[in-house]
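What follows draws every value from the coordinates through simple rules; no lab data is involved. What you see is a predicted model; the values in this text were computed from it and never measured. Quick reminder, even Gly has a Cβ in these numbers, built from the backbone with ideal geometry, and neighbours come from all protein chains shown.
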């Protein structure tokens with residue numbers, strides 16, 4: 001009964017849409033044939049460059065050899081996974097990956113939100129613009145340059161940070177060579193580089209808050225602090241949840257570039273993560289199958305995490321990716 | 001008027017605002033200082049750099065480091081290659097992004113969801129490093145410029161941003177009017193949609209171009225020939241692996257070298273490599289918020 005009513009409603013309000021869906025598939029395609037030509041190239045690209053490698057992942061279950069190629073190599077089941085799980089490096093690599101991720105998240109996630117909230121209090125003017133301009137800038141520095149900046153500033157005796165340390169009476173150290181320092185250097189330099197840029201999305205969300213809410217709060221005599229707590233934070237919540245889902249889903253996906261550049265034989269016990277391991281074993285060591293197995297293990301975990309976090313967020317806050 | 005508003009605010013609020021100003025100023029200085037320090041060091045004499053005299057402003061102003069840098073053919077090659085990778089790579093990115101995003105924005109495009117799903121899956125799952133490498137190898141693109149352009153021909157995120165922009169910022173009446181006038185999809189895209197999408201195209205161009213300018217990973221994996229290496233790869237060798245370029249040190253006496261000329265060179269290298277990007281970005285900055293915000297919308 002109710003269903004029939006809805007149908008009637010649809011018919012009367014949007015008859016065009018109703019009739020359109022009655023068109024045959026052939027007619028629908030003919031109507032936009034040019035779009036199919038446009039989309040052809042990117043779709044072919046997706047199939048060749050994204051889906052072919054996805055099928056290539058089967059080498060994780062094979063003993064790849066160059067002569068027989070991906071399809072011709074021998075199946076070996078889970079051999080490479082077992083080798084990885086039982087290797088002495090396994091525990092260390094997983095631990096480093098997870099610790100670096102969580103550390104990055106704990107340090108890097110809240111700061112852009114604070115920055116956005118603070119900037120939102122400074123309504124207009126040159127000050128706000130210059131804070132934004134300056135804090136966004138490091139995002140555009142390349143990883144190579146970023147890492148060399150870190151290394152230059154930490155150079156014993158010459159780098160400015162080391163000079164400050166010795167001025168304060170602490171011992172000079174080769175920071176980059178101490179495993180205990182690696183994670184902090186990695187994480188905090190990342191915060192320095194990305195906090196401004198990461199705050200843009202929150203600034204944009206705050207800019208779209210209905211101004212009448214602030215006016216009502218002012219009439220009620222709310223202080224700036226109260227306005228942040230009762231207006232700004234609730235408005236930010238959906239976007240914060242989305243960003244959190246994305247970061248948690250990527251917790252095993254520590255980027256390769258920066259870590260690889262920061263690695264040296266001295267700090268390796270603290271800096272080896274899955275992505276750098278995959279590169280070294282796979283491409284440098286030409287152990288294609290084993291390295292693919294490690295990579296596949298990593299992406300499957302990532303996918304599961306993303307789905308799980310998304311599911312959880314949907315239950316708890318009714319905000320989710322899809 | 002601002003003054004009048006401030007007087008009205010209670011003491012607690014003014015104190016709070018003062019705290020915020022202090023917080024933001026400190027934050028800004030913390031970001032600014034390393035950048036200033038690097039620029040100042042690059043303009044200081046090597047002796048001053050190595051003896052740790054530079055704190056904020058250049059000490060014993062000198063352009064020696066810059067002069068040496070421009071003697072290096074290795075670095076100039078890197079520059080040349082990076083410009084080629086960036087210009088053509090960004091062009092390829094933009095074409096692919098628009099070709100995919102526009103059809104996805106047309107609601108009556110039959111098969112739209114299928115293409116969308118095909119694309120979204122690649123965002124969450126990929127073959128990974130080795131299978132992609134093997135593909136590039138099988139396509140005979142190893143050690144060619146194509147390896148720098150094709151494996152990352154577009155980013156799914158940017159496609160979604162563009163699609164959402166086309167959907168939300170271009171009135172559908174335009175499309176209907178164009179259809180009635182007998183304007184087909186391609187013509188409509190080229191003469192109506194693209195001219196109306198300049199802000200988003202500007203942000204996309206910046207993002208893609210910066211990505212190409214700063215990339216070194218693809219070069220590390222796919223390239224072997226020195227004459228193809230992009231700037232970042234050359235920089236990595238000089239800055240991080242501490243390889244020395246004899247050409248840069250050619251005109252310096254042994255004595256200066258001992259005083260850490262290489263150290264001073266590094267600061268100048270950093271400046272020379274980063275300046276092109278850093279002077280480009282303020283021009284597009286005003287569009288950022290738009291680009292990021294659209295990307296975060298679902299639809």
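Points worth noting:
- Taking the longest Cα principal axis of chain B as reference, the axis of helix B:112-124 is set at about 30 degrees.
- Whether the stretch B:1-91 is rounded, prolate or oblate, judged on the alpha carbon gyration tensor where a/c under 1.5 counts as rounded: oblate
- Cα pair count fraction exceeding 42 Å, expressed as % - the protein assembly as shown: 32 percent
- Residue A:188/residue B:225 FRET efficiency (R0 41 Å; Cβ-Cβ; nearest 0.05): 0.65
- Here the Gaussian network model covers chain B, with springs between Cα atoms less than 10 Å apart; of B:15, B:194, B:174, B:15 fluctuates the most.
- When both the stretch B:96-127 and the stretch B:193-211 are represented by their alpha-carbon centers, they are found 19 Å apart.
- In this rough spin-label picture, where each label sits 7 Å from Cα along the Cβ direction, the residue A:31-residue A:319 distance is 3.7 nm.
- Kirkwood Rh and Cα Rg combined as Rg/Rh, the stretch B:73-228: 1.04
- Ellipsoid equivalent to chain B - semi-axes via the Cα gyration tensor, in Å: 43, 33, 16
- Spatial separation of Cα centroids for the stretch A:221-260 and the stretch A:293-316, in angstrom: 19 Å
- Tensor-based shape of the stretch A:183-286 (alpha-carbon gyration tensor, a/c under 1.5 rounded, otherwise prolate or oblate): prolate
- Sorted by Cβ density within 10 Å, fewest first, the residues A:36, B:80, B:85, A:91: A:91, B:80, A:36, B:85
- Among A:48, A:203, A:242, the largest mean-square fluctuation in a Gaussian network model of chain A (Cα springs under 10 Å) belongs to A:48.
- Degrees between helix B:73-105 axis and first principal axis of chain B (Cα, 0 to 90, nearest 10): 20 degrees
- Taking the C-alpha atoms only, the angle from helix B:261-296 to the longest principal axis of chain B is near 20 degrees.
- The stretch B:97-158: proportion of alpha-carbon pairs further apart than 19 angstrom, %: 44 percent
- Debye-formula intensities of chain A, expressed as log10 I(q)/I(0) at q = 0.07, 0.08, 0.11 Å⁻¹, are -0.48, -0.62, -1.02 (one equal scatterer per alpha-carbon, no solvent).
- Hydrodynamic radius of the stretch B:115-201 per Kirkwood, over alpha carbon pairs, in Å: 15.9 Å
- Most mobile listed residue (B:159, B:284, B:115) in chain B, GNM with C-alpha springs under 10 Å: B:115
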